[in-house]
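Below you'll find the structure, written out as structure tokens, and then a few comments.
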Amino acid sequence: MTDSPETFSKQAIAFIGGGNMASAIIGGLIRQGLPAAQIEVVEPFAEARDKLKTQFGLAPQAQAGPALARATLVVWAVKPQTFKEAAAQARAHTTNALHLSVAAGIRSDSIAQWLGTQRIVRSMPNTPALVGKGMTALYARPGVSQADKARVEQVIATTGESLWVDEEAHLDAVTALSGSGPAYVFFFLEAMTRAGIEMGLSREQAYKLSVGTFAGASELARASDDPPEVLRQRVTSKGGTTHAAITSMEADQVQTLFIKALHAARQRAKELGNEFGG
């Protein structure tokens, strides 16, 4: 069971880091009815603090202080390489809070050690959260209660969908698939747009056709019970135009190379935990 909107609006939330992902969550919370006065933000960069003031009416602080103690949930939206230092500054004020990390690669063992608590949820969001279409995977340490999990789900719901994984190691795979995934889509959008231009379309026409195709195909996949290979086969008539394109990509081992790239992303996620954890 999730908290009622009334209960939710009375609970203060703190953000350590005020960049894009924090802004996406903050915007969703405010739209859902959480007063700006119930949000604390620690953001060391003046430009980012000014943006948060202008956009949401917040009063961000440059460093952690006693104001964090009123937060029942702390969202860690810092870069992996700065997490340990930021945790050292905030720890004294956040020991009673539930902690939600959106930092890539940093394992919950390290976070628990740095913050002195077991109430930690690790997440792997992605940038479509900025427009409410995010996909976030969540992992909870054993010290996280069902009520804590419901609280996290409620917060993440303001940015899109979520799912829980049972093993923390699976978050490295999530990072490779959905965390980094938007960049793969943009990469193919670049290629499709360039191809359209080379074939005589204007950049605007080629880009609109490419974006619309990705969006429509994704919605079709979401609405269908069929696996993607079946959906692909339905638009790939033997000897037709789609068949020519797919045959060309198969000859160049595009799928194999793409899968290899995702394994490289997963490996890098593991390395981040090793580099900045402990």
### Message
Please list, ordered by chain and number, the residues whose modelled amide H lies under 5 Å from the amide H of Gly134; skip anything fewer than 5 residues away on the same chain.
### Response
Ala129, Gly160, Glu161
### Query
Which of these values of Kirkwood radius over Cα pairs in Å was calculated from the structure shown: (i) 19.1; (ii) 18.6; (iii) 20.6?
(iii)
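What translational D, rounded to a whole number of µm²/s, comes out for segment 5-166 from Stokes-Einstein when the hydrodynamic radius is the Kirkwood one over Cα pairs, at 10 °C and 1.306 mPa s? Each step should come with its number before you reach the end.
Values: Rh = 15.4 Å.
Approximately 103 µm²/s, per Stokes-Einstein.
Arg31 to Thr242: FRET efficiency via 1/(1 + (r/R0)^6), r the Cβ-Cβ distance, R0 25 Å, to the nearest 0.05?
On the way: r = 41 Å, r/R0 = 1.62.
After rounding to 0.05, the efficiency reads 0.05.
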### Message
Please arrange Ser110, Ser123 by how many other C-beta atoms lie within 10 Å of their C-beta, fewest to most.
### Response
Ser110, Ser123
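Given the rule -39500 (n - 2.57) for each run of at least 4 DSSP H residues, summed and divided by the residues of the chain, what is its mean residue ellipticity at 222 nm, to the nearest 500 deg cm²/dmol? Please report the intermediate quantities before stating the final value.
Details: 12 runs with 145 residues, N = 278.
Helix contribution divided over all residues of the chain: -16000 deg cm²/dmol.
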### Task
Taking the Cβ of each residue in Met135, Met124 as the centre, tally the other Cβ atoms inside 10 Å and list the residues starting with the fewest.
Met135, Met124
### Summary
Karplus ³J(HN,Hα) for segment 56-64 (6.51 cos²θ - 1.76 cosθ + 1.60, θ = phi - 60°; Hz, whole; x = Gly/Pro) runs 10, x, 8, 10, x, 10, 6, 8, 5
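Order of Arg151, Arg268, Arg119 from fewest to most other C-beta atoms within 10 Å? Each step should come with its number before you reach the end.
On the way: Arg151 23, Arg268 16, Arg119 20.
Ranked by crowding around the Cβ, least crowded first: Arg268, Arg119, Arg151.
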### Query
Taking 0.36 nm per intervening residue step and subtracting the Cα-Cα distance, what contour gain separates Lys270 from Thr256 on full extension?
2.9 nm
### Message
Explain nothing, just compute: Karplus ³J(HN,Hα) = 6.51 cos²θ - 1.76 cosθ + 1.60, θ = phi - 60°, for every residue of segment 94-108 in order, whole Hz, x for Gly and Pro.
### Response
10, 5, 9, 8, 7, 10, 10, 9, 10, 7, 5, x, 6, 6, 5
### Query
So how far apart, in nm, are the two label points at Glu47 and Glu85 if each is 7 Å from Cα heading toward Cβ?
1.8
### Task
Counting other Cβ atoms within 10 Å, keep those with at most 12, restrict to DSSP loop, and tell me which trypsin sites (Lys or Arg not before Pro) in segment 191-251 are left.
Lys238
### Task
Using a 10 Å Cβ count of at most 16 others and DSSP loop calls, identify the longest part of the chain lacking such GluC sites (Glu not before Pro).
1-166
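In this model, which of Lys51/Lys79; Lys133/Lys208; Lys79/Lys133; Lys51/Lys149 are farther than 24 Å apart at the alpha-carbon?
Values: Lys51/Lys79 19 Å; Lys133/Lys208 19 Å; Lys79/Lys133 22 Å; Lys51/Lys149 30 Å.
Beyond 24 Å between Cα atoms: Lys51/Lys149.
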### Query
For the residue pair Glu153 and Val131, what label-to-label distance in nm results when each label sits 7 Å from Cα along the Cα-to-beta-carbon direction?
2.7
## Note on the structure
With x for Gly and Pro, the residue-by-residue ³J(HN,Hα) of segment 142-154, computed from phi through the Karplus equation 6.51 cos²θ - 1.76 cosθ + 1.60 at θ = phi - 60° and given in whole Hz, is x, x, 8, 7, 5, 5, 4, 4, 5, 5, 4, 4, 5
## Note on the structure
Between Arg194 and Leu209, the two model label points (7 Å from Cα along the beta-carbon direction) sit apart by a distance in nm of 1.7
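Only the coordinates and a few stated rules stand behind these numbers; no lab work does. Keep in mind that this is a model prediction, so the values were computed, not measured. FYI the Cβ positions are ideal-geometry reconstructions off the backbone, even for glycines, and counts take in every protein chain you see.
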